[in-house]
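Please read the structure below before turning to the comments.
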2 protein chains.
Amino acid sequence: MENPILVEALRGPTVESFHRGAVAVVDDRGRVVWSCGDIERPIFPRSAVKLLQALPLVTSGAADRLGLTSAELALACASHGGEPAHVEAAASMLAKTGVDASVLECGAHWPSHEASERDLARRGAEPTALNNNCSGKHSGFVCVGCATSGLSGAALFDFMRGYVEPEHPVMRQVTQALSQATDHPLAHAPAGVDGCSIPTYAIPLFNLALGFARAGTGIGLPADMAQAAARLRLAIAEAPFMVAGSGRFDTRVMQRLGARVCCKIGAEGVYCASLPEKGWGVALKMDDGNTSRAAEVVMAALIEALIPLGSEDAMALRTLSETVMHNWRGRRVGSLRATTDFRAALAGLQ
Amino acid sequence: MENPILVEALRGPTVESFHRGAVAVVDDRGRVVWSCGDIERPIFPRSAVKLLQALPLVTSGAADRLGLTSAELALACASHGGEPAHVEAAASMLAKTGVDASVLECGAHWPSHEASERDLARRGAEPTALNNNCSGKHSGFVCVGCATSGLSGAALFDFMRGYVEPEHPVMRQVTQALSQATDHPLAHAPAGVDGCSIPTYAIPLFNLALGFARAGTGIGLPADMAQAAARLRLAIAEAPFMVAGSGRFDTRVMQRLGARVCCKIGAEGVYCASLPEKGWGVALKMDDGNTSRAAEVVMAALIEALIPLGSEDAMALRTLSETVMHNWRGRRVGSLRATTDFRAALAGLQ
């Protein structure tokens, strides 16, 4: 089965490139509300499931014991741009556990936020693991280790060594939460190593959407997981800058819509979202792995179609589902947009 | 018609994403040697046709009159990384015309070569038009203006104003050369504005491949264009660093294979190449517009299949058509590769 074309890139009035993908919209009881393409093929959700991977941070008691702020909880669910505020929040999380950034096993990379990258270079500095877009998630894992091992300082450091491996006690909790939320066993799921070295397990879009529907309403989850999901969603709604950063899609959407939408981008063209007021979860994957221009456009069109929006919000979302492309001189050269067929198929879903 | 899957990205042993595209291999008489997918749909060739767009630089007499070096001619065909040597060569071309970089209408952007970007930032500098990946091509246009208008200095500056517009005398020559080489009329072709503000015209892959076959042997071209194409190809073979830059595909391939291959990447997943010893031209376009990982892998697999290679060259090409992906900690997480079906379909073509 070919997945349908969901996004097209135009140069002038001519379609230059296009993107295929699959989408699942599922309610918290497991009913498919809407879908297109193959939603049964297991796909690697990558960073789109950080919310579910952060559930043990709350259920373990770590968030309470360490007094994590909303900004820090949001950062634990983030793929951030490595901007100064992100780096500071990750360092603050670690400071509460008594260890430092040398415990992190995510690897270092230059901030994806370009101005922050160049600021770092101008200061003659080099990036650290704190600049890694996953440093908040990894700091959250250290917090879980702190809460569940009862250790601190050097002993916590020893305990955490190898925490990115599937069999480490912390990673077992993370995987267990992901499996339970998505109602999908992961023991025999196709496995890979993510960009930040933790395992990623292939899960069908149906189950990912189910997991995000449940995370939105709590239905289908044990009470502690339901409460944890609500707390994380509200933390993100309070501190949407922390989950992505300046100019980024997730930050822009949640700065505008608050807790009505909890969406999260993942590498290789994946997106997941909770729409709590509908009791629906959304999961999508672009065939070609294009995240920044394809998956984002699809998610914007889905939000437009799935929840009622006031005119200002609708206009703001439309600038994300139908974006103008400029060249280096600022001249308008084309656009990216959800296809007419895709929009038509979504009509009437609210 | 669906274009076939040509490249797949694996995470661990599992296919995570994949890329569809179309390929035309055409000889200098216009016979299709091999193809897959839709090679009749007009596509924007973007920067993949810079060699053809640079023909007037030689046929106008500008290259001789201004004493352009091989490095400068190669830069006129380049999408370079904005490294210091590229910037210096573009400035040198302009110096020979007597105008400076303020004449350029390509726009400024930070060097795409990341280390050069950060070096610029460390020095507290900002990028100029010379850092634009198209600055060599644009400097070549100024050289054409210098040769064809007979002007220099301020008068040349005035003449060049608006040279990126389709109706400017210089751009008319560029478009005419492109049309003639590809045997495709462009007056009514779908048109768009390229990233560097010059027009881009949609041309079928068949015609693009034909143009590159002709540029490889000269057959089917007027004598002056045939000689110009040979001179540009040899200039690139002498100075392959200039056409792309450190670590870049085109530079790596031509540093190894010299004048046996003249290949050029374009934005939005386009590639063109001449294979002079076969009398063949190659043109390809990925549906999703993915250049750096999809179009490059396809071009590498095509070179492997289309010309006989010694074992070291074959191994080097294989590292480009089957690349290992590492994460931020340097851990092997997956691979990119030409699909088995694509390789099988290419078998026996040498």
(request) Scan B:Asp341, B:Asp313 and give me the residue that is loosely packed, with under 14 Cβ neighbours inside 10 Å and among the charged types (D, E, K, R). (result) B:Asp341
(request) Identify all residues within the stretch B:37-57 that are out of contact with any Pro (no Cβ under 7 Å at 6 or more places or on another chain) and within 12 Å of chain A (Cβ to nearest Cβ); write none if there are none. (result) B:Ile43, B:Phe44, B:Pro45, B:Arg46
(message) Every residue in the stretch A:108-130 that is facing chain B (nearest Cβ under 10 Å) and either under 26 Å from A:Gly67 (Cα atoms) or among the basic types (Lys, Arg) (or both), please.
(response) A:Arg118, A:Arg122, A:Arg123, A:Ala129
(message) I'd like the residue in the stretch B:193-244 that is of a type in the set (Phe, Trp, Tyr) and more than 14 Å from chain A (Cβ to nearest Cβ) and, out of all such residues, is nearest to B:Gln180 (Cα to Cα).
(response) B:Phe212
(request) Could you tell me whether the stretch B:29-36 includes any residue that is of a type outside the set (S, T, N, Q), without any contact (Cβ under 8 Å) to a residue 60 or more places away in the chain, farther than 18 Å from B:Thr291 by Cβ and within 14 Å of another protein chain (Cβ to nearest Cβ)? (result) no
(message) Just to verify a result, which residue in the stretch B:26-73, among those that are over 23 Å from B:Ser152 (Cβ atoms) and among the hydroxyl-bearing types (Ser, Thr, Tyr), is surrounded by the fewest Cβ atoms within 10 Å (Cβ to Cβ)?
(response) B:Ser70
(message) For the condition more than 14 Å from every other protein chain (Cβ to nearest Cβ), β-branched (Val, Ile, Thr) and either within 30 Å of B:Ala22 (Cβ to Cβ) or in contact with a Gly (Cβ under 8 Å, 6 or more places away or on another chain) (or both), what is the one hit in B:Val87, B:Val99, B:Val144?
(response) B:Val99
(message) Pairs please, first residue from the stretch A:196-213 and over 21 Å from B:Pro13 (Cβ atoms), second anywhere and part of a strand (DSSP E or B) and polar (S, T, N, Q), Cβ atoms under 8 Å, 6+ apart in sequence or on different chains.
(response) A:Phe206/A:Ser35; A:Phe212/A:Ser274; A:Ala213/A:Ser274
(message) Please go through (1) out of contact with any Phe, Trp or Tyr (no Cβ under 9 Å at 6 or more places or on another chain); (2) surrounded by 16 or more Cβ atoms within 10 Å (Cβ to Cβ) for A:Asp224 and return the number of the only condition it doesn't satisfy.
(response) (2)
(request) Only residues that are out of contact with any helix residue (DSSP H, G or I) (no Cβ under 8 Å at 6 or more places or on another chain) and under 12 Å from A:Gly216 (Cβ atoms): list them for the stretch A:227-275, please. (result) A:Ala230, A:Arg260
(message) Quick check on the stretch A:60-73. Is at least one of its residues within 14 Å of chain B (Cβ to nearest Cβ), at negative phi, of a type outside the set (Lys, Arg) and within 20 Å of the chain's Cα centre (by Cα)?
(response) no
(request) Output the residues belonging to the stretch B:231-262 that are crowded, with 19+ Cβ neighbours inside 10 Å and of a type in the set (Gly, Ala, Ser). (result) B:Ala235, B:Ala237, B:Ala239, B:Ala244, B:Gly245
(message) Against the definition (under 22 Å from A:Glu105 (Cβ atoms) and outside any helix (DSSP H, G or I)), how does A:Leu186 come out, yes or no?
(response) yes
(request) Hey, can you tell me all the residues within the stretch B:74-93 that are within 25 Å of B:Ala155 (Cβ to Cβ), within 21 Å of the chain's Cα centre (by Cα) and surrounded by fewer than 24 Cβ atoms within 10 Å (Cβ to Cβ)? (result) B:Ala91
(request) Go through the residues of the stretch A:193-202 one by one and say whether even a single one is surrounded by 24 or more Cβ atoms within 10 Å (Cβ to Cβ), among the hydrophobic types (A, V, I, L, M, F, W, C) and part of a helix (DSSP H, G or I). (result) no
(message) Going through B:Ile198, B:Ile219 one at a time, which residue ends up being within 30 Å of A:Arg332 (Cβ to Cβ) and modelled with pLDDT of 95 or more?
(response) B:Ile198
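The values are calculated or read from the model by the stated rules, or taken from the named source; none is laboratory data. As the structure is a computational prediction, the values presented were derived from the model and not from experiment. No Cβ is skipped: glycine too gets one built from the backbone with ideal geometry, and neighbour counts run over all protein chains shown.
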